[in-house]
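**Q** Here it is: the structure, laid out below.
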Amino acid sequence: MNVVFVLWLREVKRYLRSRPQIVASLGQPLLYLLVLGFGLGPVFRQSGQGSYLQFVAPGVIGMGVLFTSIFSGIGLLWDRQFGFLKETLVAPVPRLQIMAGRTLGGATIAIIQGTLVLTVCMLAGFRPQGFAAIPQALLFMALIAIVFSALGTAIGSTLRDMQGFQLIMNFLIMPIFFLSGALFPLTNELPTALTVATRLDPLSYGIDGLRAAFIGLAHIGVALDVVVLGVLATAFLMLGAWAFSRIQV
């Protein structure tokens, strides 16, 4: 059986078996959705922007995909610690296939997580503009998942302990999330420095694409979103493959 499929299936099975973790991972998106969606709703509505719940829900969905995909790199450190990684690396298969299987597994898990967050959002009152938006939204969820799964794998390949990974992830994740426009509109009224920072943030293009799919609102442009995420996915996959190939057995 192809090693890519085997590793992909292993990652998905490991996720599906951890039911308490699945439930717990919905806590933070639900907190953002309820506290911000309903708490800031009156302020957002008074400014003439409409429903803040409708606006923030795509950002919360993107957050769920981001967190799940980039933290899939932690699995690499667990496998290194318990010896499974060594057994995998000495197998007579190209390391590129091993990295691809792990990355696709992490991306698939992130898409599942994003779908669960979408379900929670809809239960809270979020309403997409139509069911035709779902395929486009799934495309952007997949692109976000691949970009950050590959990035998480690349970072996980260079580290040897969980503490170092946690520090780097916390240093990266929160700025990536808060600068993505998940919680505020990426309008021309932003300060120049903040505008530049949001354009350099890969998640900005994913959130913009999700928002365009779900509520028909795009500040950057769907075509540019797809191009940027596609280029970044390719670049991070190459970076992850290079970092993974340098792991010492």
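**Q** Can you tell me the 0 to 90 degree angle between the C-alpha axis of helix 73-82 and the longest principal axis of the chain, rounded to 10?
**A** Taking the Cα atoms of the chain, the angle to 73-82 is about 30 degrees.
**Q** Now, a different point. Once every DSSP H run of n ≥ 4 in the chain is given -39500 (n - 2.57) and the sum is divided by its residues, what mean residue ellipticity at 222 nm do you get, rounded to the nearest 500 deg cm²/dmol?
**A** -26000 deg cm²/dmol
**Q** Can you give the longest stretch of the chain with no exposed loop site, where a site means trypsin sites (Lys or Arg not before Pro) in a DSSP loop (not H, G, I, E or B) with at most 13 other C-beta atoms within 10 Å?
**A** For trypsin sites (Lys or Arg not before Pro) (loop position, at most 13 other Cβ atoms within 10 Å), the longest site-free span of the chain is 1-159.
**Q** If you line up the long axis of helix 52-70 against the longest principal axis of the chain, both from Cα atoms, how many degrees apart are they, to the nearest 10?
**A** The two axes meet at around 10 degrees.
**Q** Moving on to the next point. Once you list every other residue whose beta carbon is under 13 Å from the beta carbon of Met162, what net charge do they have if Lys and Arg are +1 and Asp and Glu are -1?
**A** 0
**Q** If I fit a long axis through the Cα atoms of helix 3-17 and take the longest principal axis of the Cα atoms of the chain, what angle between them do I get, 0 to 90°, rounded to 10?
**A** Around 60 degrees separate the two axes.
**Q** Leu159's amide H: which non-local residues (gap 5+, or another chain) put their own amide H closer than 5 Å, with H modeled 1.01 Å from N in plane and none for Pro or chain starts?
**A** Excluding prolines and chain starts, which carry no amide H, there are no hits.
Quick note: the coordinates plus some simple rules give every number you see, no bench work behind them. Just so it is clear, the model here is predicted, and its values are computed rather than measured. Quick reminder, even Gly has a Cβ in these numbers, built from the backbone with ideal geometry, and neighbours come from all protein chains shown.
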